[in-house]
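Below is one structure, written out as structure tokens, with a few remarks after it.
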Amino acid sequence: MKKRGPIVLLLLAALLAAALGGCGAQKTETVDFASLEDTAGPVVELGDLLDEAVPLSGAPTLGTVLTPTAPGVQTKKNSSAVIDYSNSKDGYVMVKWNEGGDVKLKVLIKGPSGTTYQYNLRTDKQYEAFPLSDGNGEYSVGVYKNTSGTQYATIITETISVALTDEFAPFIRPNQYVTYTAGSAAVTKASELCAGIADNLGKVEAVYTFVVNNTVYDKEKAQTVQSGYLPNVDETLATGKGICFDYAALMAAMLRSQGVPVKLVVGYTGSAYHAWISVYSETDGWVEGKIYFDGQTWKLMDPTFASSANSSDSIMEYIGNGANYSAKYLY
């Protein structure tokens, strides 16, 4: 086999570096949640750097939207907040702040894996849905209010035992990070793209191809986005640009609305904080990190890198190697 010259190797390295550099934010310190368990009083310390970085890297058949609800059958509540876990079997809890006001609030969810998920909570007295990503087992759910600096007062907590209807439940519905409704433009577009396609992988191929070919990486947004950023899938669809969080959320929303279970994965590729997706195939089960999309080979479902590098051979080789990716959170 003829060896590649140094110029070719340098070009490939430059392409890969450009794609990686455009997408990821450098790793920040993570929150040490052990203090939550050790604190005897109502005030908890959430750490010097409370929030992690935003992941940046880089007549059709009608869709089905399984809209989260808060029926009030099983709740923990006080005058300040409500935790509604009536539908925990469907893979989510609903949380609402009752007082309004301009305050900083956190929802912390810790499941059987031991990973603690932290979310910002809206203050407009409306419910938000949060996934129970760890599957069956015991969860602690809490609402915390900022008092000063990085200290938060415990407002309300509840421990719940979760037995899911099926393993897909947390990954087939909208939640805070994958937000959509029956009227979302992303849902309508997914219905158009998937019209007449019955199998999950066929739907994935259609949606993946559309997103990769019609969305560009927003470098300006990547430079200015703030901690606590939440993707807007219809905005990403309309503008045709976004950061990796936007790419992943858009694909997740479109495919979930078509009945395809999708995990929005946040983690690292190298030292870059990144987001991608995993999907469920009827023939292969959960395809963690890789997805069949071209009819011949399995590749990582990383639409950001594929789009920003124009699906070049070098970037697709990188994407296809699951060892380059390390998952941290599932949404």
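The values are calculated or read from the model by the stated rules, or taken from the named source; none is laboratory data. All figures in this text were calculated on a predicted structure; none of them were measured in a lab. Quick reminder, even Gly has a Cβ in these numbers, built from the backbone with ideal geometry, and neighbours come from all protein chains shown. Please note that ligands, DNA and RNA were not included when accessible areas were found on the heavy atoms of the full protein model with its side chains. Shrake-Rupley method; radii C 1.70, N 1.55, O 1.52, S 1.80 Å.
For this structure, a couple of remarks:
- Scanning the range 114-137 for residues that are surrounded by fewer than 20 Cβ atoms within 10 Å (Cβ to Cβ), among the hydroxyl-bearing types (Ser, Thr, Tyr), in a loop (DSSP other than H, G, I, E, B) and within 18 Å of the chain's Cα centre (by Cα) gives a single hit, THR115.
- Some residue of the range 149-158 being in a loop (DSSP other than H, G, I, E, B) and charged (D, E, K, R): no
- Of all residues in the range 91-113, those being part of a loop (DSSP other than H, G, I, E, B) and within 26 Å of GLY149 (Cβ to Cβ) number 7.
- Check on GLY196, over 19 Å from the mean Cα position of the chain (by Cα) and in a helix (DSSP H, G or I): no
- Top-ranked residue in the range 203-244 [being of a type in the set (Gly, Ala, Ser) and either touching a Gly at 6+ places or on another chain (Cβ under 9 Å) or more than 22 Å from SER278 (Cβ to Cβ) (or both); ranked as most open to solvent (accessible area, probe 1.4 Å)]: ALA238
- Of the residues in the range 245-258, at least one is open to solvent by 10 Å² or more (accessible area, probe 1.4 Å) and not aromatic (Phe, Trp, Tyr).
- Strands (runs of 3 or more DSSP E) contained entirely in the range 245-295, each with at least 2 residues that are modelled with pLDDT of 75 or more: 262-269, 272-281
- Being over 22 Å from PRO112 (Cα atoms), open to solvent by 30 Å² or more (accessible area, probe 1.4 Å) and not charged (D, E, K, R) holds for only one residue in ALA185, ALA153, and it is ALA185.
- Qualifying positions in the range 262-272 - in contact with an Asp or Glu (Cβ under 9 Å, 6 or more places away or on another chain) and open to solvent by 10 Å² or more (accessible area, probe 1.4 Å): LYS263
- Just one of the listed residues (LYS221, LYS189, LYS145, LYS203) is part of a helix (DSSP H, G or I) and modelled with pLDDT of 95 or more, namely LYS189.
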